[in-house]
Structure formats: C-alpha cells, structure tokens
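Below you'll find the structure, written out as structure tokens, and then a few comments.
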Amino acid sequence: MIWVVCDDQATCTTLAGLIKTKGYEVHGIVCGDDFRKHIRFQTPELVIIDCGIADAFEMIRDVRGERRAQPTAVIVFSRDELNLREKALAHGADAYVPKGSLDWAELLDEIQKFARPPGAETGPFTAGGGS
C-alpha cells in the first residue's frame, strides 16, 4: 500500500489516481492528523508526502519513530523553488522529487525503486531494494 499525503484534495486525488493507473494500491490522506491516526495502526510500504503540508517533516519523524513503520520508504515532493531536498533527506526521507513538471515521471521512477512491483506477492520486502 502506498499512501499519498497532501494538504490539497485535488493534488491528492490526481496523484493517487496517477499511481493507481500504474497498478499500485494507493490511499490518499489529506492532512497530517489523519496521517498520524493511520500510522499508529497501519504500516504502508511507501509514503509520499507533500512538503506543502506545514508538518511534513514531523510526519517523516513519525514514520521513523514508529518501530513498525521504520522500514517504510518516504518520498517527499515539493515545488522546485522551495529547494528542500537537503532538509527532507536530513529528516529521514529516502528520496525527494521536485514538483517541476506535471508528468510526474521522476516521482513514478522513485516509486518503482521503493515499492514492490504491482501485483507482487506481499512477502518480505526491503525498502529501497525494489524487487
């Protein structure tokens, strides 16, 4: 399961829809509070967080602080002009993708690096190892 966490419903819906077209199971979450409720009880394979959310970096710490979720890969995305790559990686993100284009090709490449291929069995998986 891939979680997409955004502060904008339209972005969340668009991005989740794009990822679903590639065959992945996706759940959209529109705020940090909902994310925190979910992470206590569920462990996604991958979390994609929009840096536009005020507490985006705290959410990364929440994933890294939840023992069960520590292997969860985290991809952060943001508008290019915010230049948050170093900050995201320093807070524990596995990857950073700028929101520079609307084709999301770079984000899809990162998803393929960190998530099981669509339809793969749900056995042991090492984040960052691909398949």
When the residues of segment 43-59 are narrowed to those that are among the β-branched types (Val, Ile, Thr) and assigned to a loop (DSSP other than H, G, I, E, B), which ends up surrounded by the fewest Cβ atoms within 10 Å (Cβ to Cβ)? Thr43
Counting only residues that are part of a helix (DSSP H, G or I) and surrounded by 13 or more Cβ atoms within 10 Å (Cβ to Cβ), which one in segment 83-102 is modelled with the lowest pLDDT? Arg85
Could you say which residue among Val4, Val76 is touching a Ser or Thr at 6+ places or on another chain (Cβ under 9 Å), closer than 23 Å to Pro118 by Cα, modelled with pLDDT of 90 or more and not in a loop (DSSP other than H, G, I, E, B)? Val4
Boolean, Val63 is of a type in the set (A, V, I, L, M) and crowded, with 20+ Cβ neighbours inside 10 Å: yes
Per the list (1) closer than 16 Å to Glu110 by Cβ; (2) under 13 Å from the mean Cα position of the chain (by Cα); (3) touching a residue at least 24 places away in the same chain (Cβ under 8 Å), residue check on Ala16 breaks on (3)
Determine whether Thr43 is more than 17 Å from Val4 (Cα to Cα), modelled with pLDDT under 90 and β-branched (Val, Ile, Thr). no
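The values are calculated or read from the model by the stated rules, or taken from the named source; none is laboratory data. Values in this document were obtained by computation on a predicted structure and should not be read as measured data. Cβ atoms come from the backbone with ideal geometry, glycine included; neighbour counts cover every protein chain shown.
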